[in-house]
Amino acid sequence: MELQNQVAHAVHVLNHDAQSCNRVSANQWLVQFQQTDAAWEIATSILTSDHPKPYVSDFEVEFFAAQVLKRKIQNEGHCLQLEAKESLVNALLLAAKRFSLGPPQLLTQICLALCTLILHAVEYHKPIEKLFYSLQNLQGQNDGNIAVLEMLTVLPEVVEDECATYKTKSGHRVDYGPELLSHTSSVLEFLLQQSKESFDGVIQLHDRSRKILRCLLSWIRAGCFSEILPVSLLAHPLLNFVFNSVQVLSSFDLAIEVLIELVSRHEGLPQVLILKVGFLKDVLLRAFSSGDEKVISGLACLMSEIGQAAPSLIIEANSEALVLVDALLSCVSFPSQDWEIADSTLQFWCSLASNIVRMEDELTENSKHVKDVFSPVFLALLDALLSRSQVDDSTYGDTATRELPDGLAQFRLNLVELLVDICQLLKSAVFLQKIFFGGWLSSNVQIPWKEVETRMSALNVVADVVLQEGQTFDLSMVLHLVTILCDRESYEPKGFMCIVHRSLVDVIGSYSKWMSSYVTNARPLLLFFAAGMSEPLCSHACATAFRKLCEDATAVMHKPSSLEMLMWIGEGLEKRHLPLEDEEDVIGAVTLILAHLPNTELRNNLLLKLLSPSFESIGKLIDGDHVLTLRQLPAAYTHLVNSSVRGFYRIGTVFGHLVTPVSTSPDIDNSIIALLETFWPMLEKFFQSEHIENTSLSMAACRALSQAIKSAGHHFCYIKAACIVIEEFGNKEEYGALFMSTLERFTHASSVMAINSSYVCDQEPDLVEAYCSFTSIFLCSCPKEVVASSGPLLEVSLQKAAICCTAMHRGAALAAMSYMSCFLEFGVSSLLESVTSNSASMVVQVISHSEGIVSNVVYALLGVSAMSRVHKSATILQQLAAVCSFSEKTKWNSLLSWDSLRGWLHSAVRSLPGEYLRHGEAESLAPVWLKALGDAAFDYVESRTSDGEKNHKHMRGKGGRFLKSLFREFVDSHRNIGT
C-alpha cells in the first residue's frame, strides 16, 4: 500500500505541482517505476481495488495505471506465464466492468490493454474466441454491455496494429484477421440488440448511439460486410439505425463517417445507396433552413463520395443522380463562413466533368445527350464557384489587405483543376462569355472590383485551354480596365486593389500573344506594370507579364514613346528593390527590345544608358578614395555594396540576352564590344581590389563574367565555367576526357558525397541545384560514347538525385527530378537507337543498381509541396517504365525487366510510413499504379518511335495523363495525413 500511495503522490506532483523541478523528479521516478516487476501488481491493484482516495483527482492515477499495464503488456506480455496472464485477464475484465460508466478515456485504455493481452496469449488455440467467451459473461452483468461495446470497438484496431509484435501458434499474426471476422454475425447481432434497447437512464441515449456507431465503424474497417451483397447490405437493420442516426445531431458525424467508409470499401454500394439520395436531400434541406454547417458539410462529403465512387451512374442522369447533382450544387452555393463545404465537393465535379469530356471523344449520340443534360449544370456550377471565390466584405473594405485570406487562397488553388475541366467541357467561347457577362464594363456604374478580381483569376487559370483551342476572343475589355486604373492621378495599387492589380497582370501575361495583336499604344500597359512593380504582392506578376509582352509585342515597343517608357522602367530599378529573378525578367525584356533595334548607334546608346546606374555603382565601389570615406558610414557602404551586386547581375543579364537575336541583328557583336569596353576595365580593377573577398560581390561579378564570355566567347580566350564550356564544346570528342575528369571531380567532391539524406539537401539547396544542372548539361551536350564511359559516375549522381527529390526545398527537389528525367530520356534514346550500343548497356547497368529511384519518387508524393512534384514524378516513372518494358525484350532482360519495376514499386509502397496510408491501401496501390505504368510506357515508346525526336511529350498519351491523374488524386487525398 505504501508503494501504491507513492505512485499516487508522484502522479499528483507530475500533473499539479507548481515547481518544474518537482515535476521532472516525479516523471523520472514514474518512468523507473514502470520498468519494475512491481508495476504489474500496483497498477492492477489501483484499477481493481476499492481503497482510500488520498486525492480528489483519482482519475489521473487510474488512467496512469491503465497506461502502465497497456505498455507493459505490449512490451513484456509474451513473457508472462499462463497463470499470470489469466489472472491479469480477469483483473482487467473486472476493471472494465468497474469503469464502464466512465471516464470513457480510462475505459478505452483498459480495453486496449485487455485486447493486447489476449492476443499475446499464444497458449490459447484461439485467443479471440477466448475473449468473446469472457465478453458473454460480462454481457449478463449490470452495465456490462457498455464495457463490451468498448471492447469490441478497440479489438479490430488492436488486431490491425502494424506495430504490434504478437506471437501466434503459426508464427503469423495475419491469422488473427480471419479469426476476428468469424465472429462478425454475433457482433452485428449484439450491436442490433443494443440499438433497439430503450433508454434506461444510466447512459444518455445519444451516448449509446455514438458508442454503437464507433463500434460498427471499427468492424466495417476490419471488413465485417465484405461477404454481404450491396442490396442485402442496404436492407440490413443496422443500416436503418445508421440512417436514423443521420437525423440526430449528436450522432450525425459518426453516422456519416460510417456511410462514407462503406461507400469507399464496397464497390457496388454506391449504386444501391444512391436510392437513398432523396432522404439525404430532405435532411440537407432542413440543414439549409437552420443554417447547420456541420450537417451540410457532412452530407456534402457523403454525396460527393457516392458520386465519385460511381461516376458512370451519375452520367446516366436518372432521377436519383440528378437529385444528387442538384443537392451538391446547392452545397457549393451555400454561403458559409469558410470554403470547406464547397471544397469538399470539388473532386466529385472534377470526376464528373472528366468523364463527360472523355465521352465526347467517342462522338456518339449518347455523349451528345449527356453533354446537353449537364452543360446547364456546369454553367450554374461556374456561377456558384465564381461567387464563392470572391473575397468577403471585410477583405474588400480593408485598405491594409494585401493578400487573400488563407482559406480562400487554398480553395482557389484546389479549384484550378475543376475550372480547367469546366472550360474543356463548355468550350472556351462559352466559358469566356460567362466570365465577361455583366454590365460593369459598358455602364457608368461603379465597377465591382471584387467580382472583377475573381473573374480575372478564373480567366488566368484556363489560359492554356483557351489558347490551345485557338479561338481568339476580344480581350480589349482587360485593356479597358487597365486604362480606367491608370487614368487615376498618381495611381498606386493599395490594399485590396493590389490583388486586383495582380489578377489583371496575370491575365495580360497569360494572353500576351493575343494582346499584342491589337495593342497600338503600349504606354498604359507599361505604366500599369511599373505601378505594380513597386508593390511586393504584384512585383513578380508584373515582371513576368512585362517580359512576355515585350517578347510578343516587339514592334509596338520600338515606338519612341514605348522606348522612353522602357528606359524609364529599366533605369528606375535601383529604387524598386525587386527580387533578383524579377529584376532579371525586366532587364532581360528591355534588352530583348533594344537588341532588335535596327539602328546600331541608337541601340548602343540605349544599352549603355540602361546600364549606366550599374556602372556608376561599381565605379564608386572601386574608387579607393570614395570607399575610404564611405567606410566611415556603415549604412551607406552597405547600400553601395548591395547596389554593386545588383549592378553586376544586371550587366550579366544584358550580356546573356544579347546573344538571342543574332539572326535579326547581325551587327549585335558591335553592341557587345561597346559594352565590354566600359565593363572590362571595371571588372579587372574589381578583381584586383579587396572587394573580391566579399562573397556576394565576387559571385555576382563571376556571373557577369560568365555571361560576357558566353556572349563574346569567339572574341576572347578565357577559362569558362564548367557548364558553359560543355555547352559550347560538348560535341568535340577531343575534349571528352576533360569533361569526364570534370564530372569525376565534382561527383567525388566532399560536399557532393556528403549529400546522403534529404536533410543535407535542404541545408545545401544551391549546391544540389548547381550539381544537377551540371550533370544534365553533361548528358545533353557530350557525345554518347563519352557519356557511356561515365557510367559509375552517373550511377552515383542518379542515386544522389533520387535522395534529393524527397527534399522539402522545392527548387532542389525539382532540379534533382529534372536530372533524373534527363537521364531516363537519354536511356530511352540509346535503347531505341541500338540495344547493343555502349550507351544502352551503361543505362541498363545504372538503372538496375538504382531501385531507390522508385521508392524516393513515390515518397516525394507525400512531401510538403507534393502537388508541385506530381508532373515530374509521373514523367520519371513513365520513362522508367518505358526503359524496363523495352529492356525486357533485349539481352538485358536478366538485369532489367518489367519484374524489376514491379518489385521496386511493391517495395516502395510497403515502405511508406504507416501513418500516411489508409487501411488496406498499401496492397491496393501497387496493382493500380502498375497497370497505369504499363499503359503509360506503351504510349511513351509508341510516341517516340512514331515521332522520333521531333515532338515527344511525356504526358500527352492517355496512359500518361491517367498516371498523372492517379498521382494527383493520391497527393490530394494524402496532403493532410500524418501532419
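Considering only protein heavy atoms, what is the solvent-accessible area of Glu535 at a probe of 1.4 Å, reported in Å² to the nearest 10?
10 Å²
From the helices alone, meaning DSSP H stretches of at least four residues, give me the mean residue ellipticity at 222 nm for the chain, per-run term -39500 (n - 2.57), in deg cm²/dmol to the nearest 500.
Numbers: 55 runs with 721 residues, N = 979.
The helix contribution divided over the chain gives -23500 deg cm²/dmol.
With a 10 Å radius around each residue's Cβ, average the other Cβ atoms per peptide and rank 230-237, 645-652, highest first.
On the way: 230-237: 14.1, 645-652: 25.1.
Descending mean neighbour count gives 645-652, 230-237.
Find the relative contact order for the chain and round it to a whole percent, using C-alpha pairs within less than 8 Å whose residues are 6+ positions apart. Present the calculation step by step, with values, prior to reporting the outcome.
Details: 1143 pairs, mean separation 41.8, N = 979.
This gives 4 percent for the chain.
Kindly provide the GluC sites (Glu not before Pro) of the stretch 833-893 that DSSP labels as loop, not H, G, I, E or B, and whose Cβ sees at most 16 other Cβ atoms within 10 Å. Don't jump to the answer; show the numbers that get you there.
Working: sites: Glu833, Glu851, Glu888; in loops: Glu851, Glu888.
Of the GluC sites (Glu not before Pro), the ones in loops of the stretch 833-893 whose Cβ has at most 16 other Cβ atoms within 10 Å are Glu888.
For Glu2 and Leu633, what is the calculated FRET efficiency with R₀ set at 60 Å and r taken between the beta-carbons, to the nearest 0.05?
It comes out at approximately 0.20.
Please give every one of the aspartates and glutamates within straight-line cross-link reach of Lys427, meaning a C-alpha to C-alpha distance under 18 Å, and leave out same-chain neighbours fewer than 8 residues apart.
Cross-link targets: Glu360, Asp361, Glu362, Asp372, Asp383, Glu417, Asp464, Glu469, Asp474.
How charged is the neighbourhood of Ile42? Take every other residue with its Cβ under 13 Å from the Cβ of Ile42, and add Lys/Arg as +1 and Asp/Glu as -1. Write down the numbers at each step before the final one.
Numbers: positive: Lys72; negative: Glu2, Asp37, Glu41, Glu62.
It works out to a net charge of -3.
State, as an integer percentage, the relative contact order of the stretch 497-634 based on alpha-carbon contacts under 8 Å between residues 6 or more apart.
Numbers: 127 pairs, mean separation 31.7, N = 138.
Reported as a whole number, the value is 23 percent.
Hey, quick one: spin label on Val31, modelled 7 Å out along Cα-Cβ, who in the stretch 59-73 has an amide N within reach, i.e. under 13 Å?
Inside the label zone: nothing.
Mind ranking 24-36, 176-188, 337-349 by how tightly packed they are, going by the mean number of other C-beta atoms within 10 angstrom, highest first? Don't skip to the answer; put the middle values down first.
Values: 24-36: 14.2, 176-188: 16.6, 337-349: 20.2.
Ranked by mean Cβ neighbours within 10 Å, highest first: 337-349, 176-188, 24-36.
Peptides 793-799, 638-644: what's the order by average Cβ count within 10 Å, highest mean first?
Values: 793-799: 21.1, 638-644: 16.7.
Most protected by this proxy first, the peptides run 793-799, 638-644.
Please give the solvent-accessible surface of His12 in Å², to the nearest 10, using a probe radius of 1.4 Å with every protein chain present.
Number for this one is 70 Å².
Which aspartates and glutamates, if any, have their Cα less than 12 Å from the Cα of Lys85, not counting same-chain residues under 8 positions apart?
By straight Cα distance, Lys85 reaches Glu76, Glu123.
On a C-alpha basis, how far is the centre of the stretch 811-858 from the centre of the stretch 340-387 in Å? Whole number, if you could?
If you average the Cα positions of each part, the centres end up 39 Å apart.
When the distances between all Cα atoms of the chain are binned every 10 Å from zero, what whole-number percent does each bin get?
2, 9, 14, 17, 19, 16, 11, 8, 3, 1, 0
With a 1.4 Å probe and every protein chain left in place, tell me how much accessible area Lys427 has, in Å² to the nearest 10.
Its accessible surface works out to 90 Å², give or take rounding.
I'd like the orientation of helix 536-552 relative to the chain: the angle between its Cα long axis and the longest Cα principal axis, in ° from 0 to 90, rounded to 10.
50 degrees
A 25 angstrom limit on the alpha carbon distance is what I want to check against. Which of Lys70/Lys211; Lys891/Lys964; Lys575/Lys620; Lys450/Lys575; Lys450/Lys559; Lys371/Lys548 exceed it? Don't skip to the answer; put the middle values down first.
Numbers: Lys70/Lys211 22 Å; Lys891/Lys964 31 Å; Lys575/Lys620 17 Å; Lys450/Lys575 31 Å; Lys450/Lys559 35 Å; Lys371/Lys548 36 Å.
Over 25 Å apart, Cα to Cα: Lys891/Lys964; Lys450/Lys575; Lys450/Lys559; Lys371/Lys548.
Using a 1.4 Å probe on the protein chains only, how many percent of the accessible area of the chain belongs to carbon and sulfur? Working shown, then result.
Values: 23010 of 43700 Å².
Accessible surface attributable to carbon and sulfur in the chain totals 53 percent.
Would you mind checking the tilt of helix 365-388 against the longest principal axis of the Cα atoms of the chain, expressed as 0 to 90 degrees and rounded to 10?
Compared with the principal axis, the helix lies near 80 degrees.
Please state the charge dipole magnitude for the chain, taken about the Cα centre, from unit charges on C-beta atoms (+1 on K and R, -1 on D and E), reported in debye and rounded to the nearest 20.
Numbers: 76 positive and 109 negative charges, 107 e Å.
Its charge dipole is roughly 520 debye.
To the nearest 10 degrees, how steeply does helix 346-360 sit against the main Cα axis of the chain, on a 0 to 90 scale?
70 degrees
Bin width 10 Å, origin at 0, all Cα-Cα pairs of the stretch 1-128: what percent of pairs per bin?
13, 44, 32, 10, 1, 0
Using a Förster distance of 41 Å, how high is the FRET efficiency between Ser45 and Arg286, based on the Cβ-Cβ distance and rounded to 0.05? List each step's numbers first, then the result.
Details: r = 52 Å, r/R0 = 1.27.
Calculated transfer efficiency: 0.20.
Can you give the accessible area per residue of the chain, in Å², using a 1.4 Å probe?
Working: 43700 Å² over 979 residues.
Normalised by residue count, the accessible surface of the chain is 45 Å².
The values are calculated or read from the model by the stated rules, or taken from the named source; none is laboratory data. Because the structure is predicted, anything quoted here is derived from the model rather than measured. With ideal geometry, Cβ positions are generated from the backbone for all residues, glycine too; neighbour counts draw on all protein chains shown. When the accessible area is computed, the model is the full protein with side chains, heavy atoms only, and any ligands, DNA or RNA have been set aside. Shrake-Rupley method; radii C 1.70, N 1.55, O 1.52, S 1.80 Å.
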